[in-house]
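Heads up, the thing below is written out as structure tokens.
The values are calculated or read from the model by the stated rules, or taken from the named source; none is laboratory data. Just so it is clear, the structure is predicted and the values come from calculations on it, not from any experiment. Neighbour counts run over all protein chains shown; Cβ positions are idealised from the backbone, glycine included. SASA here: full protein model, heavy atoms, side chains in, ligands and nucleic acids out. Shrake-Rupley method; radii C 1.70, N 1.55, O 1.52, S 1.80 Å.
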Amino acid sequence: MKALHEMTLTQASKALVSGAVNAVELTQAYLAHIEAAQPHLNAYITINTDAALNDAQRADAQRRDGLPCGPLNGIPMAFKDVIDTDGMPTTCHSKLRSDHISTSDAFAVAKLKQSGVVTLGKLATHEFAFGGPSHDLPFPPARNPWATAHIPGGSSSGSGAAVAAGMCSAALGTDTSGSIRMPAGDCGVVGLKPTFGRVSLRGVYPLSPSMDHVGPMTSTVSDAAMVLEEIAGYDAKDPRSVNFPVPRYLDHLSGDLRGMKIGVLRDWYETRARADVAKALGNAMDVLRDLGALLVEVKAPPLDELNACGRIILLSEGFAVHGKNLRDRPEDFGKFTRMRMQLGAFVTAEDYQRAQIARRRLSIEMTSLFADCEVVLTANQFRPAARFEEADDLFPFLKHPFPTMPFDVTGHPAIAVPCGFSSEGMPIGLQLAARHFDETTLLCAAHAFETALGLTQCRPAFPFPEHPRARPL
């Protein structure tokens, strides 16, 4: 029988509803596994043991008393440590905030708590969601459970590692240039970046306020749909929030893709992706065709232009957030954060304005892709997760573009879904995107693909190996 901490969120929810397990038992199973796994992965910054058990007892009492219980009641989750959680540290993985205790919940956390979620703790990130993976911070960097000598991707590094390793049922991450989708791809889990404005950013420490997103990282697409349904919704206190209806996403996960048009953005990856990544993408397209989808080649604005636009905006807004501390307390930042953020000092007002004008044009051009297709498909990463010694480049984004960045620039919803393994045995992710606020179609396509491919049960074995174990492509 599958261990409790190995269940997907959907499986755990059904077990709680049926009475096969209660929330205290489930939470204890996760806490025991966290204790065993944490020394190997460093996925958590704060573990919320006593409060988590109190949450679980409250969830059980609510169910026992016959009170209304949603599908997330009693589900153990954890949050990236840039997301405020009342009474807990929100350190942003930085010395500058190592003593900071949140006095309120972020909007998304508050909605999850209202649904009865058990808060297991706060998860490792790159410093201020930007500077990492780094060894000169107050907390060690998270490691990849598929091979601990490899990075888990960033900046939602702890979220990706924890979900993959069974250290939480689901996690929240943030995404400004791919920070949900990249660690999801590197760790072999699902990472969903919703449409900009779909989930409130109130209570999330900003990196680039006009491009930040918050979303779920989970074991399966249906898990992501369940979490998104809870955290989405209008927040009048966040000017970026959009008042748009929130569907019942699970009701649309039919698995039927017959006649769905999927546009392939081959130009973005065919000359950049490693051979085994390209092969996995090719196999994924065959699966989608077998499901009845119609795949067509589409042309988008150049990946380099979208990345250049996004980087100028991110660096300028990031420096606006951190400029005072960079001037007054530069030694308290990690090297990666300090050096990267300082680039923003050289972005002029003219540069920023031109980037925003270009952003509008690029967004219109990207939106026009969906006139001929419902979903677009492209690479999520060009190579599998690197070893730590390969991830020491101060400015990787200046050397190559990220295929995830465009959808932060344009605000379209995008999802990373596992699609295979590299020649060494590391996970590879596929990226799908859809029209603004059409997470329904996006999740439907991702769920059908995931179900047909059958990788849902592939999870790293404990104890976690230091180096990859080869798997068939």
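Please enumerate the residues belonging to region 442-473 that are over 16 Å from residue 375 (Cβ atoms), surrounded by fewer than 18 Cβ atoms within 10 Å (Cβ to Cβ), of a type in the set (A, V, I, L, M, F, W, C) and at pLDDT 90 or above. Within region 442-473, 461, 462 qualify. Please verify whether residue 208 is within 14 Å of the chain's Cα centre (by Cα) and either open to solvent by less than 30 Å² (accessible area, probe 1.4 Å) or without any contact (Cβ under 8 Å) to a residue 12 or more places away in the chain (or both), treating the condition exactly as stated. For residue 208, the condition - within 14 Å of the chain's Cα centre (by Cα) and either open to solvent by less than 30 Å² (accessible area, probe 1.4 Å) or without any contact (Cβ under 8 Å) to a residue 12 or more places away in the chain (or both) - is not met.
Conditions tested, residue by residue: (1) under 21 Å from residue 383 (Cβ atoms); (2) in contact (Cβ under 8 Å) with a residue 24 or more places away in the chain; (3) part of a helix (DSSP H, G or I).
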{"site": "279", "(1), (2), (3)": "yes, yes, yes"}
{"site": "283", "(1), (2), (3)": "yes, yes, yes"}
{"site": "288", "(1), (2), (3)": "no, yes, yes"}
{"site": "357", "(1), (2), (3)": "no, no, yes"}
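Summed over region 331-354, the residues that are touching a Leu at 6+ places or on another chain (Cβ under 8 Å), touching a residue at least 40 places away in the same chain (Cβ under 8 Å) and open to solvent by less than 30 Å² (accessible area, probe 1.4 Å) give a count of 6.
When residues in region 364-396 are screened for being open to solvent by 20 Å² or more (accessible area, probe 1.4 Å), touching a residue at least 24 places away in the same chain (Cβ under 8 Å) and not hydrophobic (A, V, I, L, M, F, W, C), 6 of them pass. Restricting 254, 200, 222 to those that are outside any helix (DSSP H, G or I), closer than 26 Å to residue 85 by Cβ and touching a helix residue (DSSP H, G or I) at 6+ places or on another chain (Cβ under 8 Å) reduces the list to 200. Here is a check on your reading of the model: is residue 107 modelled with pLDDT of 95 or more, open to solvent by 10 Å² or more (accessible area, probe 1.4 Å), aromatic (Phe, Trp, Tyr) and in contact with a strand residue (DSSP E or B) (Cβ under 7 Å, 6 or more places away or on another chain)? The answer is no for residue 107. Selection of region 173-197 for residues being in a helix (DSSP H, G or I) and not charged (D, E, K, R) yields 182, 183, 184, 185, 187.
The set of residues in region 47-84 that are β-branched (Val, Ile, Thr), farther than 19 Å from residue 180 by Cα and open to solvent by less than 30 Å² (accessible area, probe 1.4 Å) contains only 75. As a summary of the residue check, residue 37 satisfies the conditions (1) in a helix (DSSP H, G or I); (2) more than 17 Å from residue 459 (Cβ to Cβ); (3) open to solvent by less than 30 Å² (accessible area, probe 1.4 Å) except for the one numbered (2). Residue count for region 415-441 satisfying the condition of being open to solvent by 10 Å² or more (accessible area, probe 1.4 Å) and over 14 Å from residue 189 (Cα atoms): 8. Looking across region 301-325, the residues that are among the aliphatic types (A, V, I, L, M) and touching a helix residue (DSSP H, G or I) at 6+ places or on another chain (Cβ under 6 Å) come down to 303, 306, 312, 313, 315. With the structure loaded, tell me whether residue 318 is closer than 30 Å to residue 424 by Cβ, small (Gly, Ala, Ser) and in a helix (DSSP H, G or I) or whether it fails that test. For residue 318, the condition - closer than 30 Å to residue 424 by Cβ, small (Gly, Ala, Ser) and in a helix (DSSP H, G or I) - is not met. Number of residues in region 277-309 that are farther than 15 Å from residue 374 by Cβ, touching a strand residue (DSSP E or B) at 6+ places or on another chain (Cβ under 7 Å) and open to solvent by less than 20 Å² (accessible area, probe 1.4 Å) equals 5.
Scanning region 93-123 for residues that are under 21 Å from residue 41 (Cα atoms) and in contact with a Leu (Cβ under 9 Å, 6 or more places away or on another chain) yields a total of 6. Taking the criterion of being in contact with a His (Cβ under 8 Å, 6 or more places away or on another chain) and not aliphatic (A, V, I, L, M), the only residue of region 442-461 that qualifies is 444.
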